[in-house]
Amino acid sequence: MATWKYTEIMINGQSVKAQSPIIVSASRSTDIPAFYADWFFHRLEKGYSAWTNPFNGVKSYVSYENTRFIVFWSKNPRPLLPYLHILKERNIKCYIQYTLNDYEQEKLEKVPSLASRIETFKLLVEQLGKGAVIWRFDPMILTDNISVDDLLQKVQNIGDQLKDYTEKLVFSYADIGTYRKVKHNLEVNGIPYHEWDTKQMEIFADRLSAMNRERGWNFQLATCGEKIDISKYGIQHNSCIDGDLITRLAWDDKKLMEFMKVKIEEVPAPTLFDEPELPEGAIILPHNHYFISKRKKDQGQRPFCECMASKDIGEYNTCPHLCEYCYANTNKATALENFQKHKNNPYNESIV
């Protein structure tokens, strides 16, 4: 888990030590855009929020004094739309990991209609740009009623509507046995799940890759936290907190680039005889600039997670989506109870 530099903040006239992250994740632990957008932007204005460590229960503080970039995670980020101008005014860039699944018929999630969520996706792209809204179909879950063919059909339906609206599709195979909370929640709620085997993963990857080419989507395909290597199908291991994407979106932020140790270079002018030759790993930026990819993994994450360091500010057991396969809620009752506590005091220093 990343440790950030500390700063002193004032709370009720007392000086308190707070982590001061440059990059914030909001959040892997709960859906802040869907349910806590008002709270988050209030706390951003106040300059700090409180956070409880899920492993030891210790409360600490997070200062937004130095925050330059936010990665949002959501299944319904529409409540962000009225607030995005605030980020621009504060010179904070962002992108959105948008989990846009289709389990409407199976009722595995409590989310707005698929049509509404696709509309939200396009509205966000209009404000943030195509590269800043990433489509996630996560997880790919098999049940008695959902086959590999069914999942591919669901992906095709959404992919056809998101063509030209995103650069990337990230997915994961539901690895149920590894996550006790997921396994417990599925069994308690009577969901007849199946574990993926290697052959099914390979078949799915092969057919998804073909679909991506044949339908002209041309998405970058990537898996999240998966051990299996399916790169032969053009599917890479993803970095969800992605230093390269952060650089592409905020390359002109000198403070952020200094923190990330990324050097922005000018593309050499062409000669009379040929185009300039760029170094291996060069990524082109606007206005004749480029940088060299330098992805650096956060060692505190899962073994097959390629994310760089960020500070997650969410809290487990607070998401009212109530997805049947949820890894972030112990149970539905606890999540709803905590959400009610939040509604009773919506601008508290912590989510709950």
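Quick look at the values:
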| read-out | value |
| --- | --- |
| Residue in the range 155-183 that is modelled with the lowest pLDDT, counting only those that are crowded, with 19+ Cβ neighbours inside 10 Å and in a loop (DSSP other than H, G, I, E, B) | Ile176 |
| Test: residue in the range 2-14 that is modelled with pLDDT under 95 and either under 29 Å from Leu100 (Cα atoms) or under 15 Å from the mean Cα position of the chain (by Cα) (or both) | yes |
| Checklist (1) free of Cβ contacts under 8 Å to residues at least 40 places away in the same chain; (2) under 25 Å from the mean Cα position of the chain (by Cα) applied to Leu249, failing item | (1) |
| Residues (modelled with pLDDT under 95 and open to solvent by 40 Å² or more (accessible area, probe 1.4 Å)) located in the range 237-254 | His237 |
| Selected residue (criterion: farthest from Lys332 (Cα to Cα)) from residues of the range 184-212 that are buried (at least 16 other Cβ atoms within 10 Å of the Cβ) and without any contact (Cβ under 8 Å) to a residue 40 or more places away in the chain | Ser209 |
| Candidates Phe121, Phe55 - the one that is of a type in the set (Phe, Trp, Tyr) and within 16 Å of the chain's Cα centre (by Cα) | Phe121 |
| Residue selected from the range 286-320 under the condition crowded, with 20+ Cβ neighbours inside 10 Å and touching a helix residue (DSSP H, G or I) at 6+ places or on another chain (Cβ under 7 Å), by the criterion modelled with the lowest pLDDT | Met308 |
| Candidate set: the range 68-102, residues that are over 17 Å from the mean Cα position of the chain (by Cα) and surrounded by 18 or more Cβ atoms within 10 Å (Cβ to Cβ); chosen: the one nearest to Ile146 (Cα to Cα) | Asp102 |
| The range 119-131 residues that are without any contact (Cβ under 8 Å) to a residue 60 or more places away in the chain, paired with ones that are part of a helix (DSSP H, G or I) and surrounded by fewer than 19 Cβ atoms within 10 Å (Cβ to Cβ) (beta carbon under 6 Å, 6 or more apart) | Thr120/Arg78; Gln127/Leu84 |
| Hits in the range 27-66 - residues which are open to solvent by less than 10 Å² (accessible area, probe 1.4 Å) and of a type in the set (A, V, I, L, M) | Ile32, Ala37, Leu44, Ala50, Val62 |
| Pairs, first closer than 24 Å to Glu187 by Cα in the range 328-352, second modelled with pLDDT under 95 and part of a helix (DSSP H, G or I), C-beta under 7 Å, six or more apart | Thr330/Lys181 |
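The values are calculated or read from the model by the stated rules, or taken from the named source; none is laboratory data. Values in this document were obtained by computation on a predicted structure and should not be read as measured data. Cβ coordinates were reconstructed from backbone atoms using ideal geometry, including for glycine residues, and neighbour counts include every protein chain displayed. In case anyone asks, the SASA skips ligands and DNA or RNA and just uses the protein heavy atoms, side chains included. Shrake-Rupley method; radii C 1.70, N 1.55, O 1.52, S 1.80 Å.
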